[in-house]
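Student: Mind having a look at this structure? Questions to follow.
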Amino acid sequence: MIDFNQIYKMAIDLINYTVSSRGFIEPNTTVCIILAKSGRVFNGVSHNEVHAEVEAVRNMQSFNENAVESLILVDANTRVALLPCINCIRYIISLNPVNTGAMVNMPDRPVPFQEVMAQNQAQAYASVHQSVNLVSATRSSMVMTGKSKSALLSGKVNGLLAATKEEEQTDEDIDLMNELADSVNNKKKGLFGGIFGKKEK
């Protein structure tokens with residue numbers, strides 16, 4: 001099997017050729033080199049939202065080949081080797097069942113397609129559970145906030161009542177408290193007495 005340095009050099013050569021022919025490299029441009037099971041090499045450059053992996057596969061299919069041994073994907077600006085997106089891997093596997101055993105060439109080691117897919121599923125699973133935990137935490141926070149507000153209000157009212165009992169009440173204070181009590185009772189009558197109570201004659 002071709003080693004990383006060999007296939008990486010092919011990708012860099014493709015980047016250099018693309019730069020010289022276009023005169024520039026757009027942001028997020030990637031290049032892909034595919035080594036087919038037949039031993040032939042195919043390449044692709046991303047363009048118009050078509051991924052480099054897909055372009056390389058199309059070039060391979062134009063020669064009636066669809067069995068992939070390995071591939072490398074490189075960012076044209078940073079020259080860093082990348083893992084292909086999960087949709088591209090699924091597309092390549094859909095072309096030929098043997099492609100489930102294909103490898104992605106990375107600097108440290110070849111990474112099997114199946115491992116990339118498993119990592120993607122694990123990340124998706126973790127992301128979903130993180131969202132669920134965030135919603136639960138938010139709901140708990142809302143409940144606790146509601147309780148805290150209620151407790152705070154209750155504490156303030158009790159504090160005021162206690163302060164009122166401790167202080168000497170003047171006749172004006174007593175009259176004011178009685179007026180407030182009457183006002184509250186009248187409001188209750190207005191709300192409930194008019195609906196459920198008997199009307200006073």
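The values are calculated or read from the model by the stated rules, or taken from the named source; none is laboratory data. These figures come from a predicted structure and were not determined experimentally. Please note: Cβ atoms are built from the backbone with ideal geometry, for glycine as well, and neighbour counts cover all protein chains shown.
Student: Out of region 12-46, which residues are over 14 Å from LEU73 (Cα atoms) and in a strand (DSSP E or B)?
Tutor: Residue satisfying the conditions is ALA36 alone.
Student: Just to check your reading of the model, which residue among SER131, SER94 is out of contact with any Leu (no Cβ under 7 Å at 6 or more places or on another chain), modelled with pLDDT of 90 or more, farther than 23 Å from LYS9 by Cβ and not in a loop (DSSP other than H, G, I, E, B)?
Tutor: Selected residue: SER94, the only one of SER131, SER94 that is out of contact with any Leu (no Cβ under 7 Å at 6 or more places or on another chain), modelled with pLDDT of 90 or more, farther than 23 Å from LYS9 by Cβ and not in a loop (DSSP other than H, G, I, E, B).
Student: Oh, and also: Can you name the residue in region 47-71 that is in a strand (DSSP E or B) and not hydrophobic (A, V, I, L, M, F, W, C) and is also surrounded by the fewest Cβ atoms within 10 Å (Cβ to Cβ) among such residues?
Tutor: Within region 47-71, the match that is surrounded by the fewest Cβ atoms within 10 Å (Cβ to Cβ) is HIS47.
Student: Residues that are under 19 Å from MET103 (Cα atoms), touching a Pro at 6+ places or on another chain (Cβ under 9 Å) and without any contact (Cβ under 8 Å) to a residue 40 or more places away in the chain: does region 53-70 have at least one?
Tutor: For region 53-70, residues under 19 Å from MET103 (Cα atoms), touching a Pro at 6+ places or on another chain (Cβ under 9 Å) and without any contact (Cβ under 8 Å) to a residue 40 or more places away in the chain: present.
Student: If you scan region 27-46, which residues turn out to be within 34 Å of the chain's Cα centre (by Cα), surrounded by 12 or more Cβ atoms within 10 Å (Cβ to Cβ) and over 18 Å from CYS88 (Cα atoms)?
Tutor: Of everything in region 27-46, nothing turns out to be within 34 Å of the chain's Cα centre (by Cα), surrounded by 12 or more Cβ atoms within 10 Å (Cβ to Cβ) and over 18 Å from CYS88 (Cα atoms).
Student: So in region 100-126, with the set limited to residues that are assigned to a helix (DSSP H, G or I) and of a type in the set (A, V, I, L, M), which one is farthest from VAL74 (Cα to Cα)?
Tutor: Of everything passing the filter in region 100-126, ALA126 is farthest from VAL74 (Cα to Cα).
Student: In addition: Just need a number here: residues in region 1-25 that are at pLDDT 90 or above and acidic (Asp, Glu). Even if it seems obvious, please write down each step before you answer.
Tutor: If we filter region 1-25 for residues that are at pLDDT 90 or above, which is where we start, we get 4-21.
Then keep just the ones that are acidic (Asp, Glu); that gives 13.
Looking only at that region, the number is 1.
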